[in-house]
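Since the structure comes first, as structure tokens, the remarks are kept for the end.
The values are calculated or read from the model by the stated rules, or taken from the named source; none is laboratory data. What you see is a predicted model; the values in this text were computed from it and never measured. Neighbour counts run over all protein chains shown; Cβ positions are idealised from the backbone, glycine included. The protein model used for the area step is the full one, side chains on, heavy atoms only, and it has no ligands, DNA or RNA in it. Shrake-Rupley method; radii C 1.70, N 1.55, O 1.52, S 1.80 Å.
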Amino acid sequence: TLGQDTIRHALIAAAIGISLVLVFMGIWYGSAGMIANVAVLLNLMLQLSAIALLGATLTLPGFAGLALTVGMAVDSNVLINERIKEELRAKKSLRAAVDAGYQHAFSAIIDGHVTTFISGVVLLQYGTGPIKGFAVTLLIGIVANLFTGVFCTRVVFDWLVRGLRVKKLSLG
């Protein structure tokens, strides 16, 4: 019962933490924050789906890996949104600001993800038990985050500025 109680508390803590992050992103970045929130939720769904597909059991270290990758997903979106805001302050059009924002944020995002991925591979290789569980969740989360945080949000921004020809976007 101690293990079940701990997992229940971890679930509650994760839900509260993720909810607070989503609320903050929505308030701070407006509509761009809502795009980021959808990407973070998609990220979580992809991670949980991959874990279920692999038949892995989600343990406390796994929850820690989920929490870390949610933080990394938010960080990626913050980097992108802040770069877009900088480009808009430089009086670029929304379309040019989105292009430049993604281009300038990409190297920082890749650097952080590659170094964390390497750490995850080392943990997976040399860790045992719970450490391997953390590493598996971390590696899945990094791949999911690159897909959702960079590719999916870019598709949405491009659809807005190129397809719908939106001239103004709320970035907080």
Residue pairs within 6 Å by beta carbon, gap of at least six or interchain, first lying in segment 148-160 and over 17 Å from Lys85 (Cα atoms), second open to solvent by 40 Å² or more (accessible area, probe 1.4 Å), listed first then second, are Thr148/Leu42
When (1) farther than 27 Å from Ile140 by Cα; (2) part of a helix (DSSP H, G or I) are applied to Lys92, the one that fails is (2)
Checked segment 111-165 for anything within 13 Å of Gly65 (Cα to Cα), at pLDDT below 95 and surrounded by fewer than 16 Cβ atoms within 10 Å (Cβ to Cβ); matches are Pro130, Ile131
Item to check | Residue check, Leu171 in contact (Cβ under 8 Å) with a residue 60 or more places away in the chain, surrounded by fewer than 19 Cβ atoms within 10 Å (Cβ to Cβ) and in contact with a Lys or Arg (Cβ under 8 Å, 6 or more places away or on another chain) | outcome: yes
Of the candidates Ala56, Ala67, Ala52, Ala15, the one satisfying the condition of being hydrophobic (A, V, I, L, M, F, W, C), in a loop (DSSP other than H, G, I, E, B), within 21 Å of Leu138 (Cα to Cα) and open to solvent by 40 Å² or more (accessible area, probe 1.4 Å) is Ala56
